[in-house]
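Step one of this worksheet: look at the structure below.
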Amino acid sequence: EFPLKGADGIYRWFLTRVSPLRTAEGDVWRWFGTNTDVTDLRLAQEALKKSETQFRHLADSMPQIVWTADDSGRWTYSNQRWYQHCGATEAAGVPELLPLLHPADTEKWTKTWSTAVQQRNRFELECRMRDPQTGDYRWQLARAVPVELEHSRTQWYGTLTDLEEQKAAE
């Protein structure tokens, strides 16, 4: 890919591909090539990258754990607060939530989340989640909303908000 200056004086990006046409003996007889204008594609890729960066900055600046899930309800993204909470790195993949839930809350989470995913309804649940560093359980408010995508697919956007102080005040 490289820029070419058009007759209007504006540079546009082109993808060049060249292949040799060979004789029966394998000698290069002629070259065949194309130049494809990929300026719009590059601009779209840059806009997508900027949007992803803005989303990550927004999600990482939140005091909550922010996450997304796919159609099946499998977590596909978590912000840095989740990795900090779990003592994990993003490179290791999204840590599982269920092992961190209080044993008394696991079944309720699984049932409520499964129903929400199947029916594509909002999800909301108060539950206790273990802090891997201290071993203490803290109350969390889990929320997620489904967003319909094309081809009858759903993307889930969710948060976990610490409720420990509010529960203690109650």
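The values are calculated or read from the model by the stated rules, or taken from the named source; none is laboratory data. All values reported here derive from a predicted model rather than from experimental measurement. Cβ atoms come from the backbone with ideal geometry, glycine included; neighbour counts cover every protein chain shown. Ligands, DNA and RNA are excluded from the accessible area calculation, which covers all protein heavy atoms including side chains. Shrake-Rupley method; radii C 1.70, N 1.55, O 1.52, S 1.80 Å.
The condition of being outside any helix (DSSP H, G or I) and of a type in the set (Asp, Glu) holds for only one of 96, 107, that being 96. If only residues of the range 106-158 that are among the acidic types (Asp, Glu) and touching a Phe, Trp or Tyr at 6+ places or on another chain (Cβ under 9 Å) are counted, the one that is nearest to residue 68 (Cα to Cα) is 126.
For (1) touching a residue at least 12 places away in the same chain (Cβ under 8 Å); (2) buried (at least 16 other Cβ atoms within 10 Å of the Cβ), each residue gets a yes or a no:
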{"site": "42", "(1), (2)": "yes, no"}
{"site": "53", "(1), (2)": "no, no"}
{"site": "57", "(1), (2)": "no, no"}
{"site": "64", "(1), (2)": "yes, yes"}
{"site": "81", "(1), (2)": "yes, yes"}
{"site": "92", "(1), (2)": "no, no"}
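Summed over the range 97-120, the residues that are more than 23 Å from residue 153 (Cβ to Cβ) and of a type in the set (S, T, N, Q) give a count of 1. The requirement of being at positive phi, modelled with pLDDT under 95 and open to solvent by less than 40 Å² (accessible area, probe 1.4 Å) is fulfilled nowhere in the range 121-133; no residue meets it.
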